[in-house]
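The structure appears below as structure tokens.
Read-outs: derived from the displayed coordinates by stated rules, not from any lab. All values reported here derive from a predicted model rather than from experimental measurement. Please note: Cβ atoms are built from the backbone with ideal geometry, for glycine as well, and neighbour counts cover all protein chains shown.
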Amino acid sequence: MTTDTSAETIVEPASVVGARIGVHWIPTPSRRRLLDHDVELTDEVDTDTQLALVSTRGATAQHHVLEPYFESGVPVIVIVHPGGEAIAASLVAKGATTVVAEGREPTALDLLRNVTSDRLVRSFQLHLEGGTGFAAAPTEDTVTRLPNRMIFDKHLASMTGEGAVHRLGFIQLGPESSLAVLPRATVAGIRRRFASTASEFIKHHHGELFDVGDCRFAFLAPDLSLDDTALMARRLVDVSKAFTSESAPVTVWIGTAGPESAIDGDSLVSMATKSLEAARKRGTSHLDGEELARDSSASVELDTALAIAAAVDELDPRGAHSERVAETAAALAESMGLDELGVARVRLAATLHDIGKLRFGAAAFDPVDEQFEAAKIDHPNAGAAYAALIAGDEVAEMIRSHHERWDGTGSPNRMVEGDIPVGGRIIAIADHLDGLVSDGVDPDEIRAAFTKESGAMFDPNLVDLLLDHL
């Protein structure tokens, strides 16, 4: 496969025009992004389709309808929305090939184009560097005279119970450093004036404003469109400038979400909250959940990958196996002089090296189970297939080759010596080391075991590095 991230790569991707794609529980915005690529979408479970896309927004009770895909070998890609990581992991366990974040649906078509990306590596590299309580009474805030959080929660629950998904938003006045130096009476006056103005804007769209505490407001508006929300946000930002002084400037941040990015009350609140937090971090006045979902898709894909690795570790009696293997692999990669991105690739591949076992469940870790050998043989290829589309060929091949042997007797491809990707050689050593340590093998015996397998199972130079590392 060809990685699409290098500016020097000259590859004409295969056309996907006319490809027939099965789509299940995929929301309208996602479908539009796919249709821009002239593909045919079908809601029917049809094993003659070239690819199936499944959204985590669908009810888990309906996942059984996907069995024909898994049984026939049609590639299934999970479209993950923020908060849907655990659902994605369960679908991978059932047989899904890999995941793509909501907002990046067209990249799923790259599987048909034979094109891959290393965006998960970039996210992982950044990852390495890098609820509020309310009283039950009274029912309104004493300063703004707006309904309080308790009433907001009731209205939201009522809306959800009726099956409706309206526009929801959180508005935060700040920053705290400015408000903290003002007298309490002044802050109360700012809150009161802002609440009065904002409430009129919201009412114009048949919505209601709530004071949910700590200079934060919330609104529910059934008729507020995405464009009208952006317009209203700009007006509220302009209003906040009237409260600004040189000694204590006041600003406003707004995070919103609507039916484009949420399907129930809980996900609506979660998305609006995340949008508000992201707006504050970015220094922008307003961010909607739909935009956030697109912008944060790389993070969603990484969170899902790490959730799957964690799910495998929970099945593994050794516990946190992938985490320890990743630590050792990264240390060896650094000792070899790999650059930061190279180390990140090795570490990510090591973290994900056993994710192909997830579809086999506990059987992958039980030598007496009839599925154990199948899991042992199949998991490198399954893990590589998961990683290729979103982490790139290099990471995928590291995963695929972590059970190859230096002498050419390994699996799945009986690669020999330097033909084995260096990352695969590193992970093989780190994986074996953790197995010995987990079994309580004496340190001297561990050294002896690696010395014996140097040049047979393992790259001799890497064995020397490992012994120095130990």
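Against the empirical curve 2.2 N^0.38 Å, the C-alpha radius of gyration of segment 2-117 lands at a ratio of 1.03. Over segment 300-469, what portion of Cα pair distances is larger than 27 Å, expressed as a whole percent? Above the 27 Å cut-off, segment 300-469 has 19 percent of its Cα pairs. Packing-based ranking of 63-70, 428-435 yields 428-435, 63-70, ordered from highest to lowest mean Cβ neighbour count within 10 Å.
Work out, in µm²/s and without decimals, the Stokes-Einstein translational diffusion coefficient of the chain at 10 °C, 1.306 mPa s, Rh from Kirkwood over C-alpha pairs.
It diffuses with D of about 64 µm²/s by this estimate.
DSSP assigns beta bridges within the chain; of those with both partners inside it, close to 50 percent run antiparallel. Taking amide H as placed 1.01 Å from N in the peptide plane, Ile79 has its amide H under 5 Å from the amide H of Val54, Ser55, Thr56, Val100, each at least 5 places away in sequence or on another chain. Mean projected area of the convex hull spanned by the Cα atoms of segment 232-377, taken over all viewing directions: 14.4 nm².
Computed about its Cα centre, the charge dipole of segment 349-417 is approximately 100 debye, with only Lys, Arg, Asp and Glu carrying charge at their Cβ.
In order along segment 405-420, phi translates into HN-Hα couplings of 10, 4, 8, x, 9, x, 9, x, 10, 6, 6, 10, 6, x, 5, 6 Hz, rounded to whole numbers, per the Karplus curve 6.51 cos²θ - 1.76 cosθ + 1.60 with θ = phi - 60° and x for Gly and Pro. With contacts taken as Cα pairs under 8 Å at a separation of at least 6 residues, segment 311-430 carries a relative contact order of 23 percent. Highest mean packing first, where packing is the average number of other Cβ atoms within 10 Å per residue, the peptides 376-383, 198-205, 300-307, 22-29 line up as 300-307, 376-383, 22-29, 198-205. For segment 360-420, the square roots a ≥ b ≥ c of the C-alpha gyration tensor eigenvalues yield an a/c of 1.5 or more together with a/b not exceeding b/c, which makes the shape oblate.
How about segment 258-321: which trypsin sites (Lys or Arg not before Pro) there are in a DSSP loop, with at most 16 other Cβ atoms within 10 Å of their Cβ? Loop-located and lightly packed - Arg318.
Once the cut-off is 12 Å, how many percent of the Cα-Cα pairs in segment 169-212 end up in the long-distance tail?
64 percent
P(r) tail, segment 141-242: Cα-Cα pairs separated by more than 17 Å, 52% of all pairs.
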